[in-house]
Every structure is written in C-alpha cells, then in structure tokens.
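One structure is given below, encoded as structure tokens.
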Amino acid sequence: MKKTLLLLTATSSLLLAAYTAHTAKITPAVKKRVLKGGSWHRGCPVPLSNLRYLTMTYRGFDGRDHRGEMIVHASVAQEITQIFGELYRSDYPIRKMRLVSDYRASDFASIEADNTSAFNCRAVTGGTKWSNHSYGKAIDINPLENPYISRSGKIAHKRSLQYRIRKHKSSASTDRAVIVKGDTIVHLFKQKGWRWGGDWHSIKDYQHFDKPVRK
Ligand SMILES: [Zn+2]
C-alpha cells in the first residue's frame, strides 16, 4: 500500500511538472553578452532586431527540469518553443542550453561543453559561406552525443568517437540523447519544415537541424 502511494505521488509530481517558454526581443543585457562573446558583429547577415531570445524548460541529463536559453530568428521562435515543448513532454534529455557567446562564440568550445545552441554568426564548418546558424535558423542538439562526421570520416571531439555507430544502447540519458533516424525529435523538426544533418550523404551532422535560408 505504501509503495502504491509513493508511486502515485511520484506520478502526480511528474504530471504537475510543466513546460514553460518565454520569447523576448534582444534586451540590452543580452545584446551586451552577444557582443562581448562575439557571436554577433557588424556585417552579420541578420540584425539583432530580427532575432529573439528564448528561455525554455528542458529535461536535464539528471532527470530534473532546468531553464535553458537560446537565440533564434524571430520567424521560427514560435515553432521552436513548440518543438522544445514536445521534446520536454517526450522526456528527451538535454545536457545544457546556453548562449554560444558564453563560449566566446567558439563552436568547438560549445561542443566540448555538450551545449545545445542555435544562433552564432559564423561560416559553415569547413567553408566560407554563412552557416544557417548565422540566421538563427539552425540548432545543434547535444553535440557530443551527436557528432559532425566529415567526408573523410573524421570526428573532431574525442568524447564523440563512441557515438560514431548510431544506435540507442541503454536507457541512460547520454544514450537517449543520441539522435537516430525515426526518433521523435527528427519527426518533430521535419513536421515544421526543418532538415536534419543525419540525413546528409557526403557529411553527417547528427546534432544539426536547420530551416532552409534564402541567401
Ligand atoms: Zn549546426
């Protein structure tokens, strides 16, 4: 009896847990962080006025709720908060969700921290064109568990080597964070017209989702 009661309590607290998201224009405080960190500068293809600062609840690797932050293009802000609401409800775990400016706008450093992030005014990996991240229309999710694999098969982050073979091996958070074809997360993004880097043929970018940008 006692066991049942405990179980009920646990269930009801799960039901009470709620996802909330907030969308705001880039405030002076956020602007200061973005400029100092170097994720936006003059010459970037999108002005700060076309970007939005989101705060969203996410399920951490520790199974608890956390508050994350993300900058995206204003035109995708609503669908992104919806997608992350669904991810939360599907119990998809996220390691960390902070602005890439907290990592001096270094994609490498943000990946090393296994940080989930979107906007970063930078060139595409291994090229010179603006990445869709520069438009706030690309998101990298749990990048250590979902590596970028180059044409020649190279993985730049040592801790990602174990994730070359794509499959869910256990129910551990790190394993459930692995994005595999057919997963709910892939479906959620595609439903809103986003592409997944895991579908690409020449390179694989399992962490990457983006919305086509007219450049
Ligand atoms: Zn990306």
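Considering only the stretch 58-81, state which residues are over 29 Å from Lys129 (Cβ atoms) and surrounded by fewer than 20 Cβ atoms within 10 Å (Cβ to Cβ). Listed by number, the residues that qualify are Gly60, Phe61, Asp62, Gly63, Arg64, Asp65, His66, Arg67. Specify the residue that is surrounded by the fewest Cβ atoms within 10 Å (Cβ to Cβ); the eligible residues are those in the stretch 202-211 that are within 14 Å of the ligand (Cβ to nearest atom) and part of a loop (DSSP other than H, G, I, E, B). That would be Ile203. Looking at the stretch 17-65 only, could you name the residues that are under 21 Å from Arg95 (Cβ atoms) and free of Cβ contacts under 8 Å to residues at least 24 places away in the same chain? Answer for the stretch 17-65, where residues must be under 21 Å from Arg95 (Cβ atoms) and free of Cβ contacts under 8 Å to residues at least 24 places away in the same chain: just Arg64.
Mind checking which residues of the stretch 135-184 are touching a helix residue (DSSP H, G or I) at 6+ places or on another chain (Cβ under 8 Å) and buried (at least 22 other Cβ atoms within 10 Å of the Cβ)? Within the stretch 135-184, Gly136, Lys137, Ala138, Ile139, Asp140, Ile141, Pro143, Glu145, Asn146, Pro147, Tyr148, Ile179 meet the criteria.
Take the residues in the stretch 108-134 that are of a type outside the set (Gly, Ala, Ser), within 14 Å of the ligand (Cβ to nearest atom) and surrounded by fewer than 19 Cβ atoms within 10 Å (Cβ to Cβ); name whichever of them is nearest to Asp205 (Cα to Cα). Restricting to residues being of a type outside the set (Gly, Ala, Ser), within 14 Å of the ligand (Cβ to nearest atom) and surrounded by fewer than 19 Cβ atoms within 10 Å (Cβ to Cβ), the top hit is Thr125. In a residue-by-residue description of the stretch 183-201, the property of being among the small types (Gly, Ala, Ser), in a helix (DSSP H, G or I) and away from the ligand (no atom under 16 Å from the Cβ) applies to no position. Against the criterion of being hydrophobic (A, V, I, L, M, F, W, C), modelled with pLDDT of 95 or more and farther than 20 Å from Leu188 by Cβ, Ile80 does not qualify. Among the conditions (1) touching a Lys or Arg at 6+ places or on another chain (Cβ under 7 Å); (2) outside any helix (DSSP H, G or I), His133 misses just one, which is (2). Per the conditions (1) closer than 14 Å to Thr20 by Cβ; (2) outside any strand (DSSP E or B), the sole criterion not satisfied by Ala77 is (1). Condition (residue is more than 21 Å from Lys31 (Cβ to Cβ), within 12 Å of the ligand (Cβ to nearest atom) and either acidic (Asp, Glu) or part of a loop (DSSP other than H, G, I, E, B) (or both)) applied to the stretch 95-104: is it met by at least one residue? There is no residue in the stretch 95-104 that is more than 21 Å from Lys31 (Cβ to Cβ), within 12 Å of the ligand (Cβ to nearest atom) and either acidic (Asp, Glu) or part of a loop (DSSP other than H, G, I, E, B) (or both).
For the stretch 23-44, the set of residues classified as loosely packed, with under 13 Cβ neighbours inside 10 Å and not in a helix (DSSP H, G or I) consists of Ala24, Thr27, His41, Arg42, Gly43, listed by residue number.
Looking across the stretch 42-84, the residues that are among the basic types (Lys, Arg) and more than 13 Å from the chain's Cα centre (by Cα) come down to Arg42, Arg52, Arg64, Arg67. Quick check on the stretch 170-181. Is at least one of its residues within 13 Å of the ligand (Cβ to nearest atom), of a type outside the set (A, V, I, L, M, F, W, C) and closer than 18 Å to Tyr58 by Cα? Within the stretch 170-181, not a single residue is within 13 Å of the ligand (Cβ to nearest atom), of a type outside the set (A, V, I, L, M, F, W, C) and closer than 18 Å to Tyr58 by Cα.
The values are calculated or read from the model by the stated rules, or taken from the named source; none is laboratory data. This one's a predicted model, so the numbers in the text were calculated from it and none came from an experiment. Here Cβ is always computed from backbone atoms with ideal geometry, including for glycine, and neighbour counts include all displayed protein chains.
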